[in-house]
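The structure appears below as C-alpha cells.
The values are calculated or read from the model by the stated rules, or taken from the named source; none is laboratory data. Everything quoted here is computed from the prediction, not taken from an experiment. Every residue, glycine among them, receives a Cβ derived from its backbone with ideal geometry; neighbour counts consider all protein chains shown. Side chains are part of the model used for accessible areas, which takes the heavy atoms of the whole protein and leaves out ligands, DNA and RNA. Shrake-Rupley method; radii C 1.70, N 1.55, O 1.52, S 1.80 Å.
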Amino acid sequence: MPDSTHKALSQRHSTQFHGIREYAPLPSAATDLILLGDLTGRYATGSYSRLNTDGRTVALRDDRQGAAEHGHRITAAIACHVARAGGTIDQLTRLLLHPDHEGGRHARHIALRSGQSGALDYIRRVWASATAAVSASMALGSRHDAYEVLAALRDRIETTPWRGERGRTALRVLRAHLTFAEIAGGPLHHASERQTAEEAGISRTTLRAVYDTVLKPGGWLRRLRTGHGREGSTWYLGDGSAPGDGAPVLPSRFWTTQFPPDPALEEWTTPETATTADIDSTVLGRLMGHDAFARHGLGGAALMLISALHQRPAQTVRELVGTSSVSRATTYRTLQRLAYHGLAHQTGETWSLAPRALEGIGNSRPESDTGPEAAPAQGWDEVAEHHCTTGVAARRKARHAAQRAAYREALERLAEHRSKAVVIVRDGHQVLVPAPRPDEIPPAWHAPGGGVLDPATGRPATDWRIATDGRLILITPSDQRSYDELAAAHAEALSEWNSAA
C-alpha cells in the first residue's frame with residue numbers, strides 16, 4: 001500500500017476516534033490491524049485446521065469455520081490492544097462496527113446474522129476475556145524489559161519452596177520452560193511435550209501430571225494454544241501468584257472421606273521446610289537432563305541439594321532443609337549418597353560440594369573448596385552407571401524421535417490429495433482412467449524418492465508421485481479437493497472410460 005494511502009487512513013482513524021488517541025495512542029500494528037485487517041496472516045495459524053477427537057490427527061475445517069475462527073482471533077487481538085491502551089468497551093464497539101474498518105468484519109458479520117444485540121453480546125464477551133488476559137500479563141517494550149522479567153521470575157523460582165517429589169519434578173519442568181523462554185526472548189514461547197520432557201529428564205506421563213496438578217493451578221504456566229502438526233504448544237510463563245500458590249492438586253485417587261484436622265486445634269503438622277528457599281536454578285537446569293539424575297538414580301532431591309550448596313556453600317543439615325525444601329530424613333540420606341560418589345564432603349557439622357563436583361558445567365564457588373586433600377568427584381557417567389540409569393535419556397530421545405516420525409508420516413498421508421484417476425489424451429480430449437491397484441503398478445514406473453517415471457521417455461514425471469500406500473498421485477492446481485469431490489470425479493472417470501471403451 002502506498003505511504004500516502006496509509007497516512008490518510010491513519011489520519012482518518014485518528015480524527016474519528018481521537019478519544020483513544022488522546023488517552024493512550026494505539027501502536028502502529030494495532031492501527032493497521034483495525035484499518036486493514038490481517039494482511040500477513042499472523043492470526044490465521046491453526047484457524048483452518050483442528051485436532052481430532054483422538055488427539056493425534058488433524059482435521060481440516062471448512063472455509064466458513066476457518067474464516068470465523070480467523071475473524072475471532074483478529075477481534076480478540078484488537079480488544080487486547082484497546083484494553084492495553086486504556087480504552088473502553090464503547091470505544092472497542094465503535095472500532096469494530098465501523099463499516100470502513102476491515103478488522104471488524106467478523107463483528108459486523110455477526111450483527112448481520114444475529115442482529116445488533118447479538119454482536120454487542122459477542123463484543124462484551126471478547127472484551128471480558130481481553131481485559132482478564134491483559135490484567136494477568138505484562139506489556140514488554142523491549143527485549144531488555146523481557147530479560148528483566150525473566151530474571152525476576154528466575155529469582156522467584158529459586159526462592160520458592162518446592163516440597164516433595166512432585167514439587168521437585170515441577171521445578172525441573174518449570175526450569176525447562178524458563179530455558180525455552182530465555183531462548184525465545186520473553187515469557188511467551190513454544191514447546192512440545194516431548195521437547196520439555198527431554199529437557200527436564202522425565203517421562204511424558206509425569207510431565208502431564210505435573211502440568212495439571214502443580215504448574216497450571218499454581219499460576220506458573222498457561223497453555224495459550226495446544227500444538228498440533230509440526231507446531232508445539234504456545235505457553236506463557238506466570239509468576240506463580242495463583243490462589244493455590246503452587247500447592248499441588250491431588251488426583252482423585254488420593255481423595256479421602258476422612259474429616260480434615262482442625263487448624264484451630266493445631267492438628268496440622270508444621271512443615272520442617274522453610275517458607276522460602278535459596279537454590280541456583282542454573283545448575284539445576286544443566287544437570288537435570290543427565291542420566292545420573294533419572295528416577296532410579298540420584299533423583300530430584302540430589303539436584304536440590306547440589307543447587308543449594310552451589311548457591312551457598314558450607315551449610316548444616318538444618319540450613320539445607322530450609323534452603324533446598326527437602327525433608328530432614330531425605331537430606332541425610334541424599335547427602336550420604338553424594339558423599340559416597342565424591343560429590344560432597346562434610347567438615348564438622350557443615351556440608352559443601354567437592355572441589356570438582358560440577359566440573360564440566362562450571363566449578364562450584366571457591367568457598368566450597370576445602371583444600372587439595374579433598375577427593376575429586378566421580379564423573380556423572382560413572383554415577384549413572386552405578387545406579388543402572390545409563391542410556392535413559394538416549395532411549396527417551398529415540399522413542400520420541402520414532403513417535404515424531406510416525407506422527408509426521410500420518411500427517412503426510414492426511415495432507416495427500418489423492419487423485420484416483422490417470423489422465424490420457426484421446427482425440428484431443430482428456431480422459432480419466434482409474435488408477436490400477438498398488439500391486440498392479442509396474443515396477444518400471446517407480447523412481448527413486450517416491451517419484452514416477454514416464455514409460456514413454458523414461459524420465460521422471462514432475463506432476464506425479466507415488467503415495468505411501470503405493471497409489472499414484474496426480475499433482476495439479478485443482479488438487480485441493482475434498483474426499484467427496486474426489487469420489488465423484490472417480491465415478492465420473494469410470495463412466496467416461498467405459499463409454500470410451
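Filtered by the rule that a residue be at pLDDT 90 or above and among the hydrophobic types (A, V, I, L, M, F, W, C), region 120-132 gives Leu120, Ile123, Val126, Trp127, Ala128. Modelled with pLDDT of 50 or more, assigned to a loop (DSSP other than H, G, I, E, B), surrounded by 13 or more Cβ atoms within 10 Å (Cβ to Cβ) and not aliphatic (A, V, I, L, M), is that true of Thr370? For Thr370, the condition - modelled with pLDDT of 50 or more, assigned to a loop (DSSP other than H, G, I, E, B), surrounded by 13 or more Cβ atoms within 10 Å (Cβ to Cβ) and not aliphatic (A, V, I, L, M) - is not met. Of everything in region 450-478 that is over 15 Å from Glu412 (Cα atoms) and in a helix (DSSP H, G or I), the residue that is modelled with the lowest pLDDT is Ser478.
Please verify whether Glu148 is among the charged types (D, E, K, R), farther than 18 Å from Gly218 by Cβ and within 20 Å of the chain's Cα centre (by Cα), treating the condition exactly as stated. In short, no. All conditions in (1) open to solvent by less than 20 Å² (accessible area, probe 1.4 Å); (2) free of Cβ contacts under 8 Å to residues at least 60 places away in the same chain hold for Ala314, with the sole exception of (1). Residue count for region 220-231 satisfying the condition of being under 19 Å from Leu150 (Cβ atoms) and open to solvent by 20 Å² or more (accessible area, probe 1.4 Å): 3. Of the residues examined, Tyr147 is not one that is without any contact (Cβ under 8 Å) to a residue 40 or more places away in the chain and over 30 Å from Val82 (Cα atoms).
In region 325-352, the residues that are closer than 20 Å to Val283 by Cα reach residues that are of a type in the set (Asp, Glu) and part of a helix (DSSP H, G or I) with C-beta atoms within less than 9 angstrom, at least six apart or across chains, in these pairs: His341/Glu382; Ser352/Glu367.
Going through (1) in contact with a Ser or Thr (Cβ under 8 Å, 6 or more places away or on another chain); (2) outside any strand (DSSP E or B); (3) open to solvent by 10 Å² or more (accessible area, probe 1.4 Å) one by one, His345 falls short only on (2). Look at Pro243 and say whether it is open to solvent by 70 Å² or more (accessible area, probe 1.4 Å), part of a loop (DSSP other than H, G, I, E, B), modelled with pLDDT under 80 and under 30 Å from Arg73 (Cα atoms). Considered against the rule, which asks whether it is open to solvent by 70 Å² or more (accessible area, probe 1.4 Å), part of a loop (DSSP other than H, G, I, E, B), modelled with pLDDT under 80 and under 30 Å from Arg73 (Cα atoms), Pro243 comes out as yes. When region 259-294 is filtered for residues that are polar (S, T, N, Q) and modelled with pLDDT under 65, the ones remaining, listed by number, are Thr269, Thr270, Thr273. Here Leu26 passes the criteria (1) surrounded by fewer than 18 Cβ atoms within 10 Å (Cβ to Cβ); (2) modelled with pLDDT under 85; (3) part of a loop (DSSP other than H, G, I, E, B); (4) not hydroxyl-bearing (Ser, Thr, Tyr) except the one numbered (1). Only one of these is modelled with pLDDT under 80 and of a type in the set (Lys, Arg): Arg61, Arg73. Name it. Unique residue meeting the criteria: Arg61.
For (1) among the aliphatic types (A, V, I, L, M); (2) more than 22 Å from Gly232 (Cα to Cα); (3) at pLDDT below 65, each residue gets a yes or a no:
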position	(1), (2), (3)
Leu9	yes, yes, yes
Thr15	no, yes, yes
Gln65	no, yes, no
Ala68	yes, yes, no
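Kindly indicate whether any position in region 101-114 is among the polar types (S, T, N, Q), within 30 Å of the chain's Cα centre (by Cα) and on the phi < 0 side of the Ramachandran plot. Within region 101-114, none of the residues are among the polar types (S, T, N, Q), within 30 Å of the chain's Cα centre (by Cα) and on the phi < 0 side of the Ramachandran plot.
Applying the set (1) among the small types (Gly, Ala, Ser); (2) surrounded by fewer than 19 Cβ atoms within 10 Å (Cβ to Cβ); (3) out of contact with any strand residue (DSSP E or B) (no Cβ under 7 Å at 6 or more places or on another chain) to Ser192 leaves exactly one unmet item: (3). On the given criteria, is Ala200 modelled with pLDDT of 90 or more and buried (at least 19 other Cβ atoms within 10 Å of the Cβ)? When the stated conditions are applied, Ala200 passes them.
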